[in-house]
Amino acid sequence: MTGAAGAQLAATVDVGPSEADWAAAEALIRALPSTGRVLLICHVNPDGDALGSMLGFGLGLRQFGVHRVQATFPGPPEVPEPLRGLPGMELLVPAGDADPAPDLVICFDAASESRLGALADRLSTAGAALVLDHHASNPGFGTVNLVEPGAAATSVVADRLLARLGVTTDRAIAECLYVALTTDTGSFRFEATTPAVHQVAARLLATGISPGDISRRVFDTRPFGAVRLFGEVLGRARLEPAAADGQGLVWTTATLDDLARHDQPPYVLEALIDSVRCTAEADVSCVLKQTAPDEWAVSMRSKGAVDVSRVAVAMGGGGHRFAAGFTGRGSAEQVVEAIRGELGAALVSGVG
Ligand code: MN
């Protein structure tokens, strides 16, 4: 792709919702009767942004006067331990108990319908579907779509819609939205950390929430078993300096057996990529987390020379230039071989 074409594509992708989209989203909520039933859904294996933006928005809806609000996500109804202290957890119901035909369904941080799992049917059974997201690859699968690729987190979109509805950001809402914002910006370390992000964060902190307590609880606490598990998984990391035309690849695997031996739930592995991606000799880092005998949840990170979203999309997943993921099938070696094969085409021209 030439530089000009690349710039053009970036410009297209970065276009967020129009004023008409915002107004339509606001109208969907304002049109709800006081007895209106709203179902909030976030993506499978929810992270801090998915849960935080969903619960924060749910609390905001209640303040707005919509009281019949359920929040849910596909798959087992277990919330990762570090996120169990989030305000608004009382809104959560297991997927099996979710309203089969709500007046309005609102989706959070789900880049595609497939991320809603078995709950995707609500897109057709609900009276209307509103999508709040920030993934550039989101096709806009709702009746109204607020997809803002320039937003650091889905919570930024949720925050803006709550403001339009006249909802006051109280401490509970602020904590949810702050957890979401810190999750997706890597605690304000990633490229997405714009001046606007710090302005949102400042407004949330001004409600009196405690950033130290929140980040200790959400990011810096894990069971001892997980600490030992990380040691093993990091010990088997492999460095391939020649991969990606010499930009380098580092990868490791965590198996179901690893989890069982250390008696740990799968979510503890989410933080592993942060320990792998600091490898100086590699632009690209990958963690393959086994989810079934021949199935891996693959997390990828880049320092910028490789657009890992291109690799992920080629493998049926999605994400951003610096962080992406997909589901890989086969042996770990086969999955890594497939990744190696996509790295060259994912090199960002003029970088590195
Ligand atoms: Mn997100």
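The values are calculated or read from the model by the stated rules, or taken from the named source; none is laboratory data. Computed from a prediction, not measured in an experiment: that's the story for all the values here. Don't worry about glycine lacking a Cβ; one is built from the backbone with ideal geometry, like all the others, and counts go over all protein chains shown.
Observations on the structure shown:
- Inside the range 107-124, residues that are modelled with pLDDT of 95 or more and within 16 Å of the ligand (Cβ to nearest atom) make up a count of 5.
- Residues that are away from the ligand (no atom under 11 Å from the Cβ) and crowded, with 19+ Cβ neighbours inside 10 Å, drawn from the range 173-192: Ile173, Ala174, Glu175, Cys176, Leu177, Tyr178, Val179, Thr182
- Test set (1) at pLDDT 95 or above; (2) surrounded by fewer than 22 Cβ atoms within 10 Å (Cβ to Cβ); (3) on the phi < 0 side of the Ramachandran plot - Gly246 fails condition number: (3)
- Residue pairs whose Cβ atoms lie under 7 Å apart, sitting 6 or more positions apart in sequence or on different chains, and linking a residue in the range 141-153 that is over 14 Å from Glu26 (Cα atoms) to a partner that is among the acidic types (Asp, Glu), are Phe141/Glu113; Val147/Asp133; Pro149/Asp14; Gly150/Asp14; Ala152/Asp184; Ala153/Asp49; Ala153/Asp184.
- Taken together, the residues in the range 153-192 that are in a loop (DSSP other than H, G, I, E, B), in contact with a helix residue (DSSP H, G or I) (Cβ under 8 Å, 6 or more places away or on another chain) and not small (Gly, Ala, Ser) amount to 8.
- Whichever residue in the range 193-205 is hydrophobic (A, V, I, L, M, F, W, C) and either in a loop (DSSP other than H, G, I, E, B) or more than 13 Å from the ligand (Cβ to nearest atom) (or both) and, among such residues, is modelled with the lowest pLDDT: Ala196
- Within the range 41-70, tally of residues that are more than 15 Å from the ligand (Cβ to nearest atom) and not small (Gly, Ala, Ser): 10
- Criterion violated by Gly127 - all others in (1) crowded, with 22+ Cβ neighbours inside 10 Å; (2) away from the ligand (no atom under 15 Å from the Cβ) satisfied: (1)
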